[in-house]
Amino acid sequence: MNSQMTNILATSIIGLFFTRPAFFIFTLVLFRQNVKSNRSSILLSSIFMSIVSLIVHYTFLESFMSLIMLTAVVCCSYFFFTWNLSHSLLLSVISVVLFALLESVLYVIESQIQGVRFIQAAQKYKGYHGVIMGFAHLLLSWLLSKKRIGFTFISPRKRTLRKRQNHHNNDAILLFAVLYLSSLSLTLFHFEEFIVINLVLLIPTLFIIVRKLYMKEQEEG
């Protein structure tokens, strides 16, 4: 496995299991929502975002990266976290803007400490930036939680009501599965060397789909 493939694989794994979950944890804390009760939604959203990112990075869609990723966050907020559409739009815009600001601040800090050997060595690996962003989000989440700072316009009661009324998670899972199969077909057809990334994503994807369908069957039974 060459160094480029190693970096791509490392970036995908770090993004899937650390950077994106940290982003959604930060979003939940920022909007004063319970993190523990949304664990499955965090995992499902992280995999969904990883698939979208994979498709965007290796197609002509890369020019529209910002818009597509914002739309993906809105989809995660609406389908997986079950917020209503207006809350999902507002929440997503605020979270993505804060993400961009945080990323800019970290780039400025990194540019000021270029002389540090550890930083120079770490920057050779693409996964380095994802690790830094993940830790930054977790640190901010901890600070917000300790200081009880955040937005409170999302009513837990209304969200619970929508969650009970919304039994269309199978539609979201179907969309999720189609996107995964699309990314798998895309990488097989154009980028055979990236098939390992899809195989890494395949196991948790199948697990979540089977688990969700089983839970749905239990609820209907």
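The values are calculated or read from the model by the stated rules, or taken from the named source; none is laboratory data. All of these numbers come straight from a predicted model, not from anything done at the bench. Neighbour counts run over all protein chains shown; Cβ positions are idealised from the backbone, glycine included.
A single member of Leu61, Leu70, Leu43, Leu54 is assigned to a helix (DSSP H, G or I) and buried (at least 20 other Cβ atoms within 10 Å of the Cβ), and it is Leu54. Would you be able to say whether some residue in segment 25-40 is surrounded by fewer than 17 Cβ atoms within 10 Å (Cβ to Cβ), more than 9 Å from the chain's Cα centre (by Cα) and hydroxyl-bearing (Ser, Thr, Tyr)? Yes; the residues of segment 25-40 include at least one that is surrounded by fewer than 17 Cβ atoms within 10 Å (Cβ to Cβ), more than 9 Å from the chain's Cα centre (by Cα) and hydroxyl-bearing (Ser, Thr, Tyr).
Determine, yes or no, whether Phe31 is aromatic (Phe, Trp, Tyr), touching a Ser or Thr at 6+ places or on another chain (Cβ under 6 Å) and closer than 14 Å to Ser95 by Cβ. Spelling it out, it is not the case that Phe31 is aromatic (Phe, Trp, Tyr), touching a Ser or Thr at 6+ places or on another chain (Cβ under 6 Å) and closer than 14 Å to Ser95 by Cβ. Taken over segment 127-152, the criterion of being part of a helix (DSSP H, G or I) and aliphatic (A, V, I, L, M) is satisfied by Val131, Ile132, Met133, Ala136, Leu138, Leu139, Leu140, Leu143, Leu144. Going through (1) surrounded by fewer than 17 Cβ atoms within 10 Å (Cβ to Cβ); (2) polar (S, T, N, Q); (3) not in a helix (DSSP H, G or I) one by one, Ser86 falls short only on (3). Scanning segment 14-52 for residues that are small (Gly, Ala, Ser) and closer than 13 Å to Met133 by Cβ turns up Gly15, Ala22.
Condition test on Val97, is it β-branched (Val, Ile, Thr), farther than 15 Å from Gly130 by Cβ and free of Cβ contacts under 8 Å to residues at least 60 places away in the same chain? Criteria met by Val97.
The single residue among Ser50, Ser46 that is closer than 19 Å to Phe99 by Cβ, among the small types (Gly, Ala, Ser) and modelled with pLDDT under 85 turns out to be Ser50. As a summary of the residue check, Ser12 satisfies the conditions (1) in a helix (DSSP H, G or I); (2) at pLDDT 85 or above; (3) among the polar types (S, T, N, Q) except for the one numbered (2).
Each row is one residue, and each column tells you yes or no for (1) at negative phi; (2) without any contact (Cβ under 8 Å) to a residue 40 or more places away in the chain; (3) of a type in the set (Phe, Trp, Tyr).
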site	(1), (2), (3)
Ile47	yes, no, no
Ser53	yes, yes, no
Val56	yes, yes, no
Phe64	yes, yes, yes
Ile68	yes, yes, no
Val73	yes, yes, no
Phe80	yes, no, yes
Ser88	yes, yes, no
Leu91	yes, no, no
